[in-house]
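Quick notes on the structure that follows.
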Amino acid sequence: MEIIKTVAELMALSALTAPKAKGQDYVGIVIVSEPETIDRLALEMASLSEEVGKKFLIRDSGNVKNSQAVVLLSLKSSQPANLNCGACGLPKCSLLERTEGPEFAGPLCAWRLIDLGIALGSAVKTASIHNVDNRIMYSVGSAARKMGLIEGEIVVGIPISAGSKSIYFDRSSI
């Protein structure tokens, strides 16, 4: 549906214009709407389930496979806000050293993570205003990052769908 792509673009706009700490933008945005890429993303999520031992990735992969688009948001740089606030667990921003974890990089500046959270909230608010079902899923971001669909230290995905019933909340629990 073309309207779903339009809503995804409006979600991206909401994420882009969301407020950021110190007015610095480190949030990356990519829209995935090609059915074959969505299918590949779902397959990567199922594969990742085996690799990291998280069964819920299989359930989430089914949601993605049945989605009409996915909006990906990332923290594209681990640049600290240089506030030396200690919220990351370290006394000075200069001590933040990036290391690669099993799914994401870290440690990360808490203020940059808050920026990403505000952008995510803005994007899902926009989807909701337009009555498009959605769900924030870290599992989507983990697979998208591994596939190289978007660059960033941490990636979160928002699959979207329009139907008579929400596929993201009327599902089995794991």
Using alpha-carbon coordinates, inclination of helix 138-147 to the longest axis of the chain, degrees | 80
If each Cα of the chain is one equal point scatterer, what is log10 of I(q)/I(0) from the Debye formula at q = 0.09, 0.13 Å⁻¹?
-> -0.31, -0.63
For segment 15-174, what relative contact order do you get, as a whole percent, if you take Cα pairs closer than 8 Å and at least 6 residues apart?
-> 30
Filtered hits (lysines, Cα-Cα < 19 Å from K76, offset >= 8 within chain) -> K20, K22, K146
Report, in debye and to the nearest 20, how large the dipole of segment 12-57 comes out about its Cα centre when Lys and Arg carry +1 and Asp and Glu carry -1 on their Cβ.
-> 360
Ranked from highest to lowest mean number of other Cβ atoms within 10 Å per residue, what is the order of the peptides 58-69, 155-166?
-> 58-69, 155-166
So how do 103-109, 33-39, 145-151 stack up, highest first, on mean other-Cβ count within 10 Å?
-> 103-109, 145-151, 33-39
Under the helix-only model (-39500 (n - 2.57) for each DSSP H run of 4 or more, divided by the residues of the chain), the mean residue ellipticity at 222 nm, to 500 deg cm²/dmol, is -14000 deg cm²/dmol
On a 0 to 90° scale, report how tilted helix 110-129 is relative to the longest principal axis of the chain, with both axes built from alpha carbons and the result rounded to the nearest 10.
-> 20
Burial order of peptide ranges 92-102, 73-83 (average beta-carbon count within 10 Å, highest first) = 73-83, 92-102
In degrees from 0 to 90, rounded to the nearest 10, what is the angle of the helix 56-65 Cα long axis to the longest principal axis of the chain?
-> 60
Once Lys and Arg get +1 and Asp and Glu get -1 on their Cβ, which of G163, I29, S78 lies farthest toward the positive end of the dipole of the chain?
-> S78
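Values quoted throughout were computed directly from the atomic coordinates according to the rules given, and no laboratory measurement underlies them. Small disclaimer: the values here were computed from a predicted structure and weren't measured. Cβ atoms come from the backbone with ideal geometry, glycine included; neighbour counts cover every protein chain shown.
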